[in-house]
Amino acid sequence: MPEGPELHLASLFVNRMCEGLVFTGAVEKSEVNKNPEVPFCCDAYVIKAQSRGKEVILTLTPFKNDGDSKRKVGKHQSQHPMDVVFRFGMSGFFRFTSDDDIPKHAHLRFYTNESPRRVLSFEDTRRFGSWQANGTWQKDRGPCVMFEYESFRENVLSNLSDKAFDKPICETLLNQKYFNGIGNYLRAEILFRLQIPPFVKARTVLEGIELKNENKKEIKKTTDTAGKKGVTVETPDLLSLCHTVPLEVVKLGENGYTPAKAEYSVLQAWMQCYSVDGMNSLSDHNGRTIWFKGDPGPMVPKGAKSRKIKWKIQKDHDYTDSKKAKKTHTESIAIEKPAKKKDNIKVKKESATSKAQGGSKRQKKDTKRVKTEPADENTKSKKQGKRSSKVPPRTGTNKIKGQHVEEVIKTKRNSVTSKESATKAKPQRRSSGTRRGRSR
DNA sequence: CGTCCACGTCTAC
DNA sequence: TAGACCTGGACGG
């Protein structure tokens, strides 16, 4: 889940879980992970987190016992605070567990000084994540779209001559030099809100914004604590949505959505476009799937189209009937030269007429298979067998659909159980989103 | 069992 | 602009 909102939620999680706790000893790294060791060791230290775009910094600060300076300065005791910067890759997140419950892919671990000690772990299944001790916010990453909005906006609008804006808007949105925090699902959701074709040149889209906003005020934060209908906001532009849309996800988190707890279903229920049945999708020039509705725009990668809308129905909690025969749906969408100007473009989904011409171009995959496998050693003797991918039948509450979601979210705003439950979220795909435009 | 796909960078022809 | 880097879930045969 790691896009800007998840990174921020991760920092909130760390601060909440570690508040008042004292950590001790060395920071442990798993053997398999190739990231550098974190040379920090201290009898007593505290942990604080902060985020910026798609990075999180953990600050480890030696804790001095007030009153008498009882703390003996050990051999290699760290005396000064250390910042460790994290990037989450495709699967990183923080988790706080008991010592006996350290997850399989916990690659960096911080231990509390409690009796049965507990552990803050950086978990990262795919190991694309990275960290750097004594690190700083990565140079070349722009201001955070969520919490440095003014400078983010300035950074984009004052650099439109950069060739980064020669690309299709959907690709430029992933450029962290200008859109620090935006990732694959956010770009789809943002463009969808304004119905901007993903393959329109970025500069074209942004130049318009610059003009329109010359004298306008920014969008007011919707600070709706009671869901008022106030919302008297002028039409948001693309840059303001790069700010507000991620903040909507942060809000989901404040109301219960916890990336680390696999409550991905809440996020999925929020998504209006990304991976949603009925939407179109194509591979961009970098091989990343862009989801959108309607016209793809003129700069579509030639040759390869790509489509494939598949949706899985939740397996568990079924209605026993086996009529859910329709499992996967794959439809081809022929991109018929959108260069036709506006001609017709009926939106409402292409009719998948003839198949795409030739184009058997093998799409770039995630890589080849290299037969090697160090396999994460289970640091520490792990007893627990697998949790079985079985998902407890659930008491039907997990419907999550339409406004029911609103209730679920509101309802579970209370505690956040420190124990990490082992139940995995069931994969699920909305069968039909029939509820659009329920804006707040 | 094999193929495809995944919320992201990195760096090397 | 291709790979590389990884694990694992869904799906197809």
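Pick out the one residue from A:Lys54, A:Lys48 that is of a type in the set (Lys, Arg) and surrounded by fewer than 17 Cβ atoms within 10 Å (Cβ to Cβ).
Answer to the selection: A:Lys48.
For the range A:270-305, how many residues are among the small types (Gly, Ala, Ser) and modelled with pLDDT under 95?
Number satisfying all stated conditions: 2.
Please work out if A:Lys308 is modelled with pLDDT under 95 and either on the phi > 0 side of the Ramachandran plot or of a type in the set (D, E, K, R) (or both).
yes
Would you be able to tell me the number of residues in the range A:109-131 that are over 17 Å from the mean Cα position of the chain (by Cα) and within 16 Å of DNA strand C (Cβ to nearest atom)?
Summing the residues that are over 17 Å from the mean Cα position of the chain (by Cα) and within 16 Å of DNA strand C (Cβ to nearest atom) in the range A:109-131 gives 2.
Starting from the range A:1-23, take each residue that is under 13 Å from A:Ile47 (Cβ atoms) and list its partners that are within 9 Å of DNA strand B (Cβ to nearest atom) and small (Gly, Ala, Ser), counting only C-beta distances under 8 angstrom and pairs at least six apart or across chains.
Qualifying pairs under 8 Å: none.
Return yes when A:Asn159 is polar (S, T, N, Q), over 22 Å from A:Ala49 (Cβ atoms) and over 22 Å from the mean Cα position of the chain (by Cα) and no when it is not.
Judged against the criteria, A:Asn159 is a match.
Please count how many residues of the range A:166-179 are more than 17 Å from the chain's Cα centre (by Cα), within 14 Å of DNA strand C (Cβ to nearest atom) and not acidic (Asp, Glu).
Number satisfying all stated conditions: 4.
Any idea which of A:Phe165, A:Phe152 is in contact with a helix residue (DSSP H, G or I) (Cβ under 8 Å, 6 or more places away or on another chain), modelled with pLDDT of 95 or more and surrounded by fewer than 21 Cβ atoms within 10 Å (Cβ to Cβ)?
A:Phe165
Here is a check on your reading of the model: is A:Phe96 within 16 Å of DNA strand C (Cβ to nearest atom) and in a strand (DSSP E or B)?
The answer is no for A:Phe96.
The values are calculated or read from the model by the stated rules, or taken from the named source; none is laboratory data. Everything quoted here is computed from the prediction, not taken from an experiment. Note that each Cβ is placed from the backbone with ideal geometry, even for glycine, and that neighbours are counted across all protein chains shown.
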